[in-house]
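J.: One structure, as structure tokens, below. Some questions next.
The values are calculated or read from the model by the stated rules, or taken from the named source; none is laboratory data. Predicted, not measured: the structure shown is a model, and the values here were computed from it. All Cβ positions, glycine included, derive from the backbone under ideal geometry; neighbour counts span all protein chains shown. Ligands, DNA and RNA are stripped out before the accessible areas are found, and what is left, the full protein with its side chains, is counted by its heavy atoms. Shrake-Rupley method; radii C 1.70, N 1.55, O 1.52, S 1.80 Å.
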Amino acid sequence: MKKTFLIILAAAILFAAYTFAVRPLIENYRAEKALEEANAAEKYNPVGPVFNADSAFAFTAQQLEFGPRAMNTAGHERCAEWIIAKFKSFGCEVTTQQAQLKGYDGTMLKATNIMAQFRPELTTRILLCAHWDSRPWADNDPDKANWHKPILAANDAASGVAVMLELARLLQQETVDGKTETLSPNIGIDFVCFDAEDWGTPQWADDQTGSGDTWALGAQHFARNLPQGYEARYGILLDMVGGQGARFYQEGVSLQFAPAIVKKVWKAARQAGYGSFFPQKTGGMITDDHLPLNQYAHIPTIDIIPYYPDCEQSSFGPTWHTLADDLSHIDRTTLKAVGQTMVQVLWNEQ
């Protein structure tokens, strides 16, 4: 009787182990394999012009020539003039939105949001955006002695602007060559460079109360003060899109507000041949410039932002808010993956 009981007990334990441990693993494996097979079956079908990563890299480097572009600095003002001039040189109609915004510590920040419009006469529009100001403090640097020093922000600012500039250059090139039929004639594109994104409460500040609202100040202002009659079909935020080893997981706020746009962009990445950079896995939920666009402007906007699940320094990557965020850590391959995906999205738009 005792032996029979032990056999039954062992069988029950094995059944429980299978039900609660082994079976879920098998089901997850099967689901992942099915997803991989479905993605593999999706045809490689690139459209549009070739995104030039060398050009985007050069645009990144040119921004760094102004030094740190922190709020209320000379480098910040000179870089704004340069960004405006570059977009104008690519045939965009450029307007600016000036504002005095209050920083976390009460500092008044002279902010400039920059909007460059391709085919401004069209009412159906797609919004691409990135922030262009740099972090005033390297408050995540592994060396505490650097915590109050400004960063160059090659990835965390310049890379997103650089990708947008290269896209604007390609759009002008298509127009000049008489090939506008390759792009939907009914779609206008807006490139918005947000200011005052990175003046959020530093990690070394004593008071962290309400720190979440101290980020993305320029985007908050823009979303609450849209240009008269402005509407956009959807928006895509490009944040830190040039880092080495970057992979762009599906960000949580994006999935909450704009799941269809997430699906569109990740599909475009696979069609363009860069699906490995855009894994179909969920990353964290980020307070970023896309949040006020969703909340206040009601423009469904997603965030293309890297996620490093195994990085001890930060899930945003080893250079985030450190002095190491310089040109030596910018990867042309990452710029290419994001830029070509954006080409795929825009040239497929109906």
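J.: Going by the conditions given, is His298 modelled with pLDDT of 95 or more and more than 18 Å from Phe57 (Cα to Cα)?
T.: The answer is yes for His298.
J.: Out of all the residues in the range 233-265, which are of a type in the set (A, V, I, L, M), in contact with a Pro (Cβ under 9 Å, 6 or more places away or on another chain), in contact (Cβ under 8 Å) with a residue 60 or more places away in the chain and over 17 Å from Met285 (Cβ atoms)?
T.: Hits for the range 233-265 are Val241, Ala246.
J.: Would you point out which residue out of Asp105, Asp54 is open to solvent by 20 Å² or more (accessible area, probe 1.4 Å), closer than 20 Å to Pro136 by Cβ and touching a residue at least 24 places away in the same chain (Cβ under 8 Å)?
T.: Exactly one residue qualifies, and that residue is Asp105.
J.: Which condition breaks for Asp195 when tested against (1) over 21 Å from the mean Cα position of the chain (by Cα); (2) modelled with pLDDT of 95 or more?
T.: Only one criterion in (1) over 21 Å from the mean Cα position of the chain (by Cα); (2) modelled with pLDDT of 95 or more is unmet by Asp195, namely (1).
J.: Hey, can you tell me all the residues within the range 59-84 that are open to solvent by 30 Å² or more (accessible area, probe 1.4 Å) and either over 22 Å from Gly242 (Cβ atoms) or in contact (Cβ under 8 Å) with a residue 60 or more places away in the chain (or both)?
T.: Scanning the range 59-84 gives Pro68, Asn72, Thr73, Ala74, Glu77, Glu81.
J.: Taking the range 286-325, which residues are crowded, with 16+ Cβ neighbours inside 10 Å and of a type in the set (D, E, K, R)?
T.: Across the range 286-325, the qualifying residues are Asp288, Asp289, Asp303, Asp325.
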